[in-house]
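Bear in mind these aren't lab numbers, they're just calculated from the coordinates by the rules spelled out. Fair warning: this is a prediction, and the values are worked out from it, not measured in the lab. Here the Cβ is made from the backbone with ideal geometry for all residues, glycine too, and neighbour counts use every protein chain on show.
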Amino acid sequence: MGRGAAIAFAREGADVAINYLPAEEEDAREVVALIKGAGRVAVAIPGDLRDEQFCERLVADAIRGLGGLDILVSIAGRQQTHASILDITTEQFDWTMKTNIYAPFWIIKAALPHLKPGSVIIGTASEQAYDPSPDLYDYAQTKAATMNYVKSLAKQLASRGIRVNGVAPGPIWTPLQVSGGATQEKLEQFGGQTPLGRPGQPAELASIYVQLAAEDASYATGQIYGSAGGAGQP
């Protein structure tokens, strides 16, 4: 999803800084090449978002590389399936919270002093925020928290001319599912329960992030934009 959004922003004329784990270097190089192929500046910043100091450095490096910051998009997330709360260790719970909740908190705090009126913050919630699966106890609550911080922060920053919105995807094919985020049974039926009868692709979300950042969406703040194949909320 992050890859699709980064490419879409570049093709709409934005210079883009991306974050990724060092193990994802090969994929990041492909994204950088596509951003540059669109004639835009690409800034690649590897690192682990679970570290507060790195999140602060991420913002500083992005501003330095881009010459400023107007749009902040948080998409990175951790999702692991567990049949029972008893199967989740404190370390695993902490990993999910640090990635999905702490990281946006740290990044937004670091970025806010540099955001001018007209800037945009976009978070990534999920249909899990509204209809949680029993095996995604920790992930689902982080997405409910994301939905809530979008609405809260939108009210807080409205007077500064900064808009805050979120995207709530439904079943989207991403590495989250095949790297422990879903059981094999779920994978075999993934997306089949939606009215469209299929899962979505990351590229089908990209234009939503771009639209929420566009100037002609200037009356949209505190909104959660659902994209779930006809299912889910909102």
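Given the stretch 66-149, what whole percent of its Cα pairs are spread farther than 22 Å? Write out the running numbers ahead of the final one.
Values: 1115 of 3486 pairs.
In whole percent, the long-distance tail amounts to 32.
For the stretch 32-72, report the % of Cα-Cα distances exceeding 13 Å.
Pairs farther apart than 13 Å: 58 percent.
5 Å is the cut-off here: which amide hydrogens, built 1.01 Å from N in the peptide plane, fall below it relative to residue 14, excluding neighbours closer than 5 in sequence?
Answer set, sorted by chain and number: none.
I need the fraction of alpha carbon pairs in the stretch 24-107 separated by more than 20 Å, rounded to a whole percent.
That fraction is 46 percent.
Sort 151, 109 so the one with the fewest other Cβ atoms within 10 Å of its own Cβ comes first. Intermediate values should be presented prior to the final figure.
Details: 151 17, 109 13.
So the residues, fewest neighbours to most, are 109, 151.
Mind giving me the nanometre distance, one decimal, between the label points for residue 116 and residue 152, set 7 Å out from Cα along Cα→Cβ?
My value for the distance between the label points is 3.0 nm.
Please work out, to two decimal places, the log10 of the ratio I(q)/I(0) at q = 0.18 Å⁻¹ from a Debye calculation in which every Cα of the stretch 107-160 carries one identical scatterer.
Scattering profile of the stretch 107-160, log10 relative to I(0): -0.65.
Counting helices only, and only those DSSP H runs with n ≥ 4, report the 222 nm mean residue ellipticity of the chain as the sum of -39,500 (n - 2.57) divided by its residues, in deg cm²/dmol to the nearest 500. Show your work: numbers first, answer last.
Details: 8 runs with 92 residues, N = 234.
Helix contribution divided over all residues of the chain: -12000 deg cm²/dmol.
Counting only Cα atoms, I'd like the Rg/Rh figure for the stretch 114-205, Kirkwood definition for Rh.
1.06
So for 163, 40, fewest C-beta neighbours within 10 Å to most, what's the order?
40, 163
Fewest first, what order do 147, 1, 97 take by the number of other Cβ atoms within 10 Å? Present the calculation step by step, with values, prior to reporting the outcome.
Details: 147 21, 1 25, 97 18.
By the 10 Å Cβ count, ascending: 97, 147, 1.
Mind listing the long-range amide H neighbours of residue 124? Cut-off is under 5 Å, sequence gap 5 or more, other chains count too, H placed in the peptide plane at 1.01 Å from N.
The list, which skips near neighbours in sequence, is 74, 167.
With the convex hull built on the Cα atoms of the stretch 7-52, state its orientation-averaged projected area in nm².
Computed as one quarter of the Cα hull surface, the answer is 3.2 nm².
Could you count how many Lys pairs in the chain have their Cα atoms under 30 Å apart, skipping same-chain pairs fewer than 8 positions apart?
Qualifying lysine pairs in the chain: 17.
Applying 1/(1 + (r/R0)^6) with R0 = 30 Å to the Cβ-Cβ distance of residue 231 and residue 83, what FRET efficiency is obtained, to the nearest 0.05?
For R0 = 30 Å, the calculated efficiency reads 0.85.
Give, in whole angstrom and from largest to smallest, the semi-axes √(5λ) of the equivalent ellipsoid of the chain, with λ running over the eigenvalues of the Cα gyration tensor.
Working from the Cα gyration tensor, I get semi-axes of 27, 19, 19 Å.
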